[in-house]
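Reading through the structure tokens given below for one structure.
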């Protein structure tokens, strides 16, 4: 099995962190919604403020993940731009293997 490059490792870490942060956000939002089902008045306003803060955190997290992923994207584009025929060959080989596997029914 081929070893992962530093860019692939960084990409995997970014994905893992983004997914864990989103899962945490979803879990906390569900909890807040369950807790807020019976609230009215000032308590409901407080709950809405908490949900608003969590959504703001999610937006910041997504934009942070996008910024951290940018170097990986640029490295990929640079490699593909510098090695177009290798990219075409690998893509064609992958397509051939997938086609053969799907055709074996």
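Shape of the chain from the C-alpha gyration tensor: prolate (a/c of 1.5 or more and a/b above b/c, with a ≥ b ≥ c the square roots of its eigenvalues). Helical runs assigned H by DSSP (4 residues or longer) give the chain a calculated mean residue ellipticity at 222 nm of -31500 deg cm²/dmol, each run adding -39500 (n - 2.57) before division by the residue total.
Its relative contact order, with pairs defined as Cα atoms under 8 Å and 6+ residues apart, puts the chain at 38 percent. With 0.36 nm allotted per residue and the present C-alpha distance subtracted, the residue 16-residue 91 stretch has 24.4 nm of extension available.
Length gained on full extension, residue 43 to residue 101: 15.1 nm, using 0.36 nm per residue less the C-alpha separation.
Counted residue by residue at 0.36 nm each, then reduced by the alpha carbon distance between them, the extension gain from residue 62 to residue 35 reaches 7.1 nm.
Where a number appears in this text, it was derived from the coordinates with a stated rule and is not lab data. Because the structure is a prediction, the values reported are computed rather than measured.
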